[in-house]
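This report refers to the structure that appears directly beneath it.
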Amino acid sequence: METFSGDQVLRIRASSDDQIDKLQLLETLEHLQLDFWLHPSNPALPVDIRVPFGSLQAVRAFLGYHDIKYSILIEDVQGILNEEKQEMISNQR
Amino acid sequence: RERSNSNFNYGAYHSLESIYTAMDDLAAEYHGLVSKLQIGESYEKRPLYVLKFSTGGPDRPAIWLDAGIHAREWVTQATALWTAQKIASEYGTDPSITSLLDTMDIFLLVVTNPDGYVYSHTKNRMWRKTRSKAAGSFCVGVDPNRNWDAGFGGPGSSDQRCSDSYRGPHANSEVEVKSIVDFIKNHGNIKAFLTIHSYSQLLMYPYGYKCTEPADYRELDTVGKAAANALTSLHGTSFKVGTICSTIYQASGGSIDWSYDFGIKYSFAFELRDTGRYGFLLPADQIIPTAEETWLGLKSIMEHVRDHPY
């Protein structure tokens, strides 16, 4: 069972088409293993990405370098999955 | 096996087996109204079951509903099952459902991507694709909502096998997609195609593979906005309405683009609620509120379809 300890979901607010282009570039960097929940398309819409723990530093550095604003939507994905699992066990009982 | 849905907990997430058993129970309990059809099998040979709601009669127009094409969006499969129970149990008492089923059939595919659903329960909660394998590649699966024959291979889909939006080697390469396409083509009288996803509260109509408005833009927009208002009226959940391209992003090879271009005018995709924080990891205590509000939106569209034959 794959775990997602330390993975975070970032909500990114691009402010220009140029920043959207940067995020589209990020999407092509397969070694980061990013899971785009909302893909970059235009600055009016947010971009949500699940970032594996191991890629967090690189992604935050990328966003910081390009001055792209973001907030943390989910602090620890595994934490939510653990709650969900507990809920399912209790439902089965 | 207990043949009753009265003890089934609709407010919980269930395994595939449990969902399939609940579908059997529903068909048994409402046997004059509900039947279970197999329209194909998945890549890993799991059956693809559709619930058919019909009061009888040949060659009737019908509404197609599917849920959970992206495996990890569990609230969609749960919502579909709740909806099935709602339709079955209120036929004969609710005037809207009664009149709808006296006019049309409804086909409901509760678990569109069963392999992915099982995989998301047992191996990887974040799994969204099918589980098909390709020779020479380490990466498994295709995004089944980039695999339809609608601008296939265009923007907003990936040709990289490891990508979560990998489109597949060709349109309809995924047996889960082809099974639906074949069923709808063979039926020949489907008047609405409604697909249920979850994330970010949207109600969308074509197009996604191109950023132009469909020929029926005005009507679809009006119908969509009325459905979103009905949905919002229950718990205040706000939905944004528009074309796929204008509300979310350009994405090629999607199901409602195919159904619309195939001639099914009323083609809509729902993206159900997520509270803005959990995405498709929606807490189970929100399944029933989500299903209840979604039902109002679905009903609004289905009533329009019933009253506007074409």
Number of the exception - B:ASP59 against (1) among the acidic types (Asp, Glu); (2) surrounded by fewer than 20 Cβ atoms within 10 Å (Cβ to Cβ); (3) at negative phi: (3)
One residue from B:ILE39, B:ILE19, B:ILE69 being touching a helix residue (DSSP H, G or I) at 6+ places or on another chain (Cβ under 8 Å), among the β-branched types (Val, Ile, Thr) and in a strand (DSSP E or B): B:ILE39
Region A:67-88 residues that are more than 9 Å from chain B (Cβ to nearest Cβ) and within 11 Å of A:ARG11 (Cβ to Cβ), paired with ones that are surrounded by fewer than 14 Cβ atoms within 10 Å (Cβ to Cβ) and not hydrophobic (A, V, I, L, M, F, W, C) (beta carbon under 9 Å, 6 or more apart): A:LYS69/A:SER15
Within region B:161-186, tally of residues that are over 14 Å from B:TRP64 (Cα atoms), surrounded by fewer than 17 Cβ atoms within 10 Å (Cβ to Cβ) and polar (S, T, N, Q): 0
Candidates B:GLU29, B:GLU17, filtered to the one that is within 14 Å of chain A (Cβ to nearest Cβ) and among the acidic types (Asp, Glu): B:GLU17
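Could you look through region B:258-275, keep only residues that are at pLDDT below 90 and touching a Ser or Thr at 6+ places or on another chain (Cβ under 8 Å), and pick out the one that is farthest from the other protein chains (Cβ to nearest Cβ)?
Going residue by residue through region B:258-275, those that are at pLDDT below 90 are B:273-275.
With touching a Ser or Thr at 6+ places or on another chain (Cβ under 8 Å) added as a condition, the list becomes B:273-274.
Numbers: B:ARG273: 14, B:ASP274: 9 Å.
Step by step, filter region B:258-275, then rank; the result is B:ARG273.
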Region A:24-60, residues that are within 11 Å of chain B (Cβ to nearest Cβ), touching a residue at least 40 places away in the same chain (Cβ under 8 Å) and not in a strand (DSSP E or B): A:PRO52
Residue in region B:146-155 that is within 15 Å of B:ALA269 (Cβ to Cβ), of a type in the set (D, E, K, R) and within 14 Å of chain A (Cβ to nearest Cβ) present: yes
Unmet requirement for A:GLY6, which otherwise passes all of (1) within 9 Å of chain B (Cβ to nearest Cβ); (2) assigned to a loop (DSSP other than H, G, I, E, B); (3) surrounded by 15 or more Cβ atoms within 10 Å (Cβ to Cβ); (4) not β-branched (Val, Ile, Thr): (1)
2 or more residues under 17 Å from the mean Cα position of the chain (by Cα) and touching a residue at least 24 places away in the same chain (Cβ under 8 Å): qualifying helices (runs of 4 or more DSSP H) within region B:205-288: B:217-235, B:255-262
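The values are calculated or read from the model by the stated rules, or taken from the named source; none is laboratory data. Please read these numbers as outputs of a predicted model, since none were measured by experiment. Heads up, the Cβs are rebuilt from the backbone with ideal geometry, glycines too, and the neighbour counts pull from every protein chain shown.
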